[in-house]
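The values are calculated or read from the model by the stated rules, or taken from the named source; none is laboratory data. In this text the structure is predicted, and so the values were computed from the model without any measurement. Cβ atoms come from the backbone with ideal geometry, glycine included; neighbour counts cover every protein chain shown. Remember, those area values only see protein heavy atoms, side chains included, never the ligands or the DNA or RNA. Shrake-Rupley method; radii C 1.70, N 1.55, O 1.52, S 1.80 Å.
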Amino acid sequence: MAEMLFFTQTEDKVIVGVGAVRYANAAYHKHLFQQAGVPEMYNPHSIESCWIAVRPDYRRQGVWNNNRECRMQYLGNRPCHSVRRVDNKKIVGDPEYRQAGSNFYAKTSEDELRLMVSNHDPVYNPSKRLRYV
Ligand SMILES: CC(C)(COP(=O)(O)OP(=O)(O)OC[C@H]1O[C@@H](n2cnc3c(N)ncnc32)[C@H](O)[C@@H]1OP(=O)(O)O)[C@@H](O)C(=O)NCCC(=O)NCCS
C-alpha cells in the first residue's frame, strides 16, 4: 500500500531512518475519523504518513527532521494524515499537522491514539481532490 518510502542515510551510506506514505484501507481510514469524532473530515484522497523509525543509536541528531522535510517536499500541499500514540512524547513538533477531533481508541491498537491532519478542511470538499491551494 506504500506510495513512497523515504530513507535517511549517513555519508557512508548507512540507512538510519525511514518513513513512508501509503493509502490505507478505506474502511480503516474512515474508522479513524469516526473514532476521532470528525467523520465529516474524512478525505479519501488523504495519504497516511507512517512507518516512522530512526535507529536508536542515531536518535536526537535530526534524522527524523531530515526525513520529514523530504516527505514534505514530496507531498507539497496534498492532504495527509497520521496516527500517533498519545503517550509517544518523542513526536511533538510537526508544525504542518494539527489534531483532528479528540483522542480515541481504534480497532487496531490498545493505545490511546490521536489523529493528526495536514491540508484537510473541517468538512471534506471533493472539488479540491489531491491539491490544496
Ligand atoms: C520518534 C523518532 C522517529 C524521532 O527521531 P529522531 O531522529 O530522534 O528525531 P529528531 O532528532 O529529528 O528530532 C525531531 C524532533 O523531535 C524531538 N524529539 C526527538 N526525540 C525526542 C524525545 N525522546 N523526547 C522529546 N522530544 C524528542 C526533537 O527535540 C525534535 O524537535 P525540534 O524539531 O523541535 O527540535 C525516534 O525516536 C524513533 O524512531 N522512535 C521509535 C519509533 C516511533 O516512535 N515512531 C513514531 C511512531 S508515530
(message) Condition (residue is at pLDDT 95 or above and open to solvent by 50 Å² or more (accessible area, probe 1.4 Å)) applied to the stretch 15-27: is it met by at least one residue?
(response) yes
(request) Would you check which residues across the stretch 71-98 are of a type in the set (S, T, N, Q) and closer than 24 Å to Arg129 by Cβ and list them? (result) Gln73, Asn77, Ser82
(message) Of the residues Asn65, Asn77, only one is on the phi < 0 side of the Ramachandran plot and free of Cβ contacts under 8 Å to residues at least 40 places away in the same chain; which?
(response) Asn65
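In the stretch 30-43, how many residues are in contact (Cβ under 8 Å) with a residue 24 or more places away in the chain and either more than 16 Å from the ligand (Cβ to nearest atom) or over 22 Å from Ser109 (Cα atoms) (or both)? Spell out the reasoning first.
First, pick out the residues of the stretch 30-43 that are in contact (Cβ under 8 Å) with a residue 24 or more places away in the chain: 31-33, 35-38, 40-43.
When the remaining residues are screened for being either more than 16 Å from the ligand (Cβ to nearest atom) or over 22 Å from Ser109 (Cα atoms) (or both), the result is 31, 33, 35, 37-38, 40-43.
So the answer is 9.
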(request) Could you pull out the residue among Asp94, Asp111 that is among the acidic types (Asp, Glu), in a loop (DSSP other than H, G, I, E, B) and open to solvent by less than 30 Å² (accessible area, probe 1.4 Å)? (result) Asp94
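If only one of Arg84, Arg60, Arg78, Arg68 is within 10 Å of the ligand (Cβ to nearest atom), under 26 Å from Phe104 (Cβ atoms), of a type outside the set (Asp, Glu) and not in a helix (DSSP H, G or I), which one is it?
Being within 10 Å of the ligand (Cβ to nearest atom), under 26 Å from Phe104 (Cβ atoms), of a type outside the set (Asp, Glu) and not in a helix (DSSP H, G or I) holds for just one of Arg84, Arg60, Arg78, Arg68, which is Arg84.
Please indicate, with yes or no, whether at least one residue in the stretch 113-127 is within 13 Å of the ligand (Cβ to nearest atom), touching a Leu at 6+ places or on another chain (Cβ under 6 Å) and within 20 Å of Ala2 (Cα to Cα). Walk me through it before giving the result.
Looking only at the stretch 113-127, we keep the residues that are within 13 Å of the ligand (Cβ to nearest atom), and these are 113-116.
Next, from what is left, pick out any that are touching a Leu at 6+ places or on another chain (Cβ under 6 Å): 115.
Among the residues that remain, those that are also within 20 Å of Ala2 (Cα to Cα) are: 115.
Yes, that holds for at least one residue.
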(request) Select from the stretch 87-112 the residues that are near the ligand (Cβ under 9 Å from one of its atoms) and aliphatic (A, V, I, L, M) and write down the one among them that is modelled with the lowest pLDDT. (result) Val92
